[in-house]
Amino acid sequence: MKTSFDYIVVGGGSGGCVVASRLSEDPSTSVCLLEAGGDGTGAIINIPAGAVAMLPTKINNWAFETTPQPGLNGRRGYQPRGKTLGGSSAINAMVYIRGDKTDYDRWANEEGCAGWSYKDVLPYFKLSECNERIQNEYHGRTGLLNVSDLRTDNPFQQRYLKAGEQAGYKITDDFNGADQEGVGIYQVTQKHGERWSVARGYLLPYIGKRDNLTVHTKALVERIVFKGKRAVAVEVNINGQMFTLEARKEIILAAGALQTPQLLMVSGVGDSSELAQHGIPLVHHLPGVGKNLQDHPDFIFGYANKSVDTMGISLRGSWKMLKEIFRFRRERRGMLTSNFAEGGAFLKTKPELPAPDVQLHFVIALVDDHARNFHTSHGVSCHVCLLRPRSRGSVQLQGKSMSQAPVIDIGFLNDPQDLEDMVAGYKMTEKLMKAPAMAEWIEKDLFTADVKTDDDIRDILRKRTDTVYHPTGTCKMGTDAMSVVDPELRVHGIEGLRIVDGSAMPSLVGGNTNAPIVMMAEKAVDMIRGFSRVSPEAQLILATAQQSDVQPDVKASLKSTEATV
């Protein structure tokens with residue numbers, strides 16, 4: 001087995017798939033991608049509705065739990081994370097959201113991340129995106145991440161939009177354009193009605209076809225090996241056998257916000273006092289590793305109805321689902337193409353806010369405890385999450401081995417203002433769900449029928465709030481003492497080691513995190529290579545080149561025309 005490469009990428013999620021794919025476009029560069037889970041293929045992944053089988057189980061899912069949370073009445077939270085090529089993009093709701101432009105300007109102007117303003121990152125969002133419908137200055141049409149409108153043809157989409165109008169909210173058909181605010185139907189990472197995970201777009205087409213790309217699945221990286229302050233290799237367990245794989249240029253960590261800091265710490269990079277508690281020899285004192293954990297706290301309204309246009313179990317529903325199975329096989333349309341969270345909204349709890357501070361996900365099924373509490377009833381749900389919580393948590397070690405789950409303290413509602421902001425978001429969501437267009441389809445309020453006062457709202461929020469699956473920030477980018485990576489995503493104080501995943505976000509963006517991580521990875525590739533694919537000169541070369549498996553050598557072409565990037 002080959003044991004030496006130019007680049008080793010740890011983690012086959014959204015960031016890792018992009019980096020491995022793009023770097024291996026250069027046939028002179030060897031890349032090895034290591035993924036602890038499976039190969040990212042199969043019907044349960046490709047059929048969008050298959051997510052309901054993965055989210056509440058350990059199928060393609062690490063299925064972590066948090067420590068007991070004081071802000072949630074001592075409950076443990078749930079943290080599902082993808083465990084397969086494609087990472088969480090293989091098990092998520094496929095919602096394509098970038099966040100608000102103010103998020104990236106905050107990164108650049110307030111959080112020490114020069115080069116990450118909205119103006120800087122928009123070209124990389126466009127570079128990654130292939131949007132089937134929208135063609136304007138905010139969207140890309142030739143990227144590897146396919147973005148489409150839903151193909152469910154579900155009438156509840158229009159009922160939801162009508163309810164939004166009746167509640168007095170603006171209606172939008174693009175949450176990723178000039179203005180994020182409004183109520184609308186989500187675009188999704190699908191193609192021809194099937195899930196288009198980041199692995200499916202960026203990686204799977206090239207496995208076995210690029211001689212310079214090696215991908216190992218069922219490969220758990222146990223430790224980074226250092227020579228002095230330089231990362232030179234990884235120790236990895238591949239199907240029960242230990243190997244040491246060497247990286248001649250860089251090791252790129254893309255194991256996610258929960259396991260990237262864990263891997264750093266078990267390898268000797270982190271807060272020296274915490275590592276000493278586990279008897280881990282110190283390589284480099286970096287106190288920010290595992291700190292600054294952020295996630296969107298989320299509450300779900302749930303309502304029963306008898307409409308077979310919503311998911312549920314009944315004789316009528318079973319007959320319809322049988323027809324839907326045949327429809328999916330014929331047309332790749334209908335209920336099996338559903339991401340469940342078909343509608344959405346970005347709303348301001350105060351009109352003077354610079355950007356929406358709550359997000360809604362309207363679901364055509366009853367959702368209770370991440371689908372772990374099963375209801376046979378047909379029904380609908382609506383999530384409301386707080387986009388920029390003040391509360392912070394941490395990731396710590398349970399022991400020296402990566403086979404032990406990290407200790408995750410998510411910190412939900414520890415800051416009292418988060419609870420008050422959630423109360424405001426609750427009221428705005430309730431207003432929409434009680435608008436006539438939705439109210440006529442509600443037969444029973446399962447969770448909030450007895451909630452009347454603000455204190456009742458606070459009580460139900462503490463009883464039922466949990467994650468909407470966006471943990472970030474545990475190896476934050478920046479220049480202060482608690483930063484882990486610099487604005488080029490290089491680990492402070494260490495050579496040959498970079499982080500390209502959600503852990504590097506300095507603060508949460510206002511929305512789902514998959515598309516931003518893909519953007520970060522596209523930008524990281526240019527930082528690693530040392531030239532820009534989004535400069536005007538590079539865009540001209542790429543636009544005029546014929547499509548092929550190996551992209552044109554942009555760097556050589558730019559040099560030959562003496563262009564400056």
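Sort the following peptides by mean Cβ neighbour count (other Cβ atoms within 10 Å, averaged over residues), highest first: 210-220, 515-525.
On the way: 210-220: 18.7, 515-525: 26.7.
Highest-to-lowest ranking by the protection proxy: 515-525, 210-220.
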>> Cut-off under 17 Å on the C-alpha distance; same-chain residues fewer than 8 positions from LYS350 excluded. Which lysines are left, in chain and number order?
In response: LYS170, LYS427, LYS431
> Per residue, how much accessible area does the range 429-505 show when a 1.4 Å probe rolls over the protein heavy atoms, in square angstrom?
Replying inline: 41
> For GLN187, what is the net charge nearby, where nearby means another residue's Cβ is under 13 Å from its Cβ and Lys, Arg count +1, Asp, Glu -1?
Replying inline: -2
> Expressed as an acute angle from 0 to 90° and rounded to the nearest 10, what is the orientation of the C-alpha long axis of helix 315-331 relative to the principal long axis of the chain?
Replying inline: 40
> Separation of the range 1-52 and the range 449-492 by C-alpha centroid, Å?
Replying inline: 27
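Might you tell me the accessible area per residue for the range 296-411, computed with a 1.4 Å probe and given in Å²?
Numbers: 4590 Å² over 116 residues.
On a per-residue basis, the range 296-411 sits at 40 Å².
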> Points 7 angstrom from Cα along the Cβ direction at ILE325 and LYS249: gap in nanometres?
Replying inline: 4.9
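So if we plug the beta-carbon distance of ARG133 and GLN241 into 1/(1 + (r/R0)^6) with R0 = 45 Å, what FRET efficiency do we get, rounded to 0.05?
Working: r = 47 Å, r/R0 = 1.06.
Computed FRET efficiency for ARG133 and GLN241: 0.40.
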>> On C-alpha positions alone, give me the angle between the axis of helix 118-128 and the longest principal axis of the chain, in degrees, nearest 10.
In response: 90
>> Could you check the spin-label model distance between ILE313 and GLN277? Points 7 Å from the Cα along Cα→Cβ, value in nm.
In response: 4.3
>> What is the angle, in °, between the Cα long axis of helix 256-266 and the longest principal axis of the Cα atoms in the chain? Nearest 10 is fine, range 0 to 90.
In response: 40
>> For LYS306, give me every one of the lysines with a C-alpha distance below 21 angstrom, ignoring sequence neighbours fewer than eight places off in its own chain.
In response: LYS162, LYS320, LYS323, LYS434, LYS444
>> For the pair GLU495/ARG332, report the inter-label distance in nm, with labels modelled 7 Å from Cα in the Cβ direction.
In response: 4.8
>> As an exercise, use a Förster radius of 60 Å and the Cβ-Cβ distance of ASP211 and THR67 to find the FRET efficiency, rounded to the nearest 0.05.
In response: 0.85
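Carbon and sulfur together cover what percent of the accessible area of the range 1-48 at a 1.4 Å probe radius?
Working: 620 of 1170 Å².
Carbon plus sulfur share of accessible area: 53 percent.
With every protein chain kept in the model, how would you rank HIS375, HIS192 by accessible area, 1.4 Å probe, largest at the top?
Working: HIS375 55, HIS192 120 Å².
Putting HIS375, HIS192 in descending order of accessible area: HIS192, HIS375.
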> Among residues other than GLY11 whose Cβ falls under 11 Å from its Cβ, what is the net charge (Lys/Arg +1, Asp/Glu -1)?
Replying inline: 0
>> Quick one: 3J(HN,Hα) in Hz for the range 500-516, Karplus 6.51/-1.76/1.60 with θ = phi - 60°, rounded, Gly and Pro as x.
In response: 9, 6, x, 5, 7, 4, x, 8, 5, 8, x, x, 5, 9, 5, 4, x
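The values are calculated or read from the model by the stated rules, or taken from the named source; none is laboratory data. Remember, it's a predicted structure, so these values are computed and weren't measured experimentally. Ideal geometry is used to build each Cβ from the backbone, glycine not excepted, and the neighbour counts take in all protein chains shown. Only protein heavy atoms, including side chains, enter the accessible area calculation; ligands, DNA and RNA are left aside. Shrake-Rupley method; radii C 1.70, N 1.55, O 1.52, S 1.80 Å.
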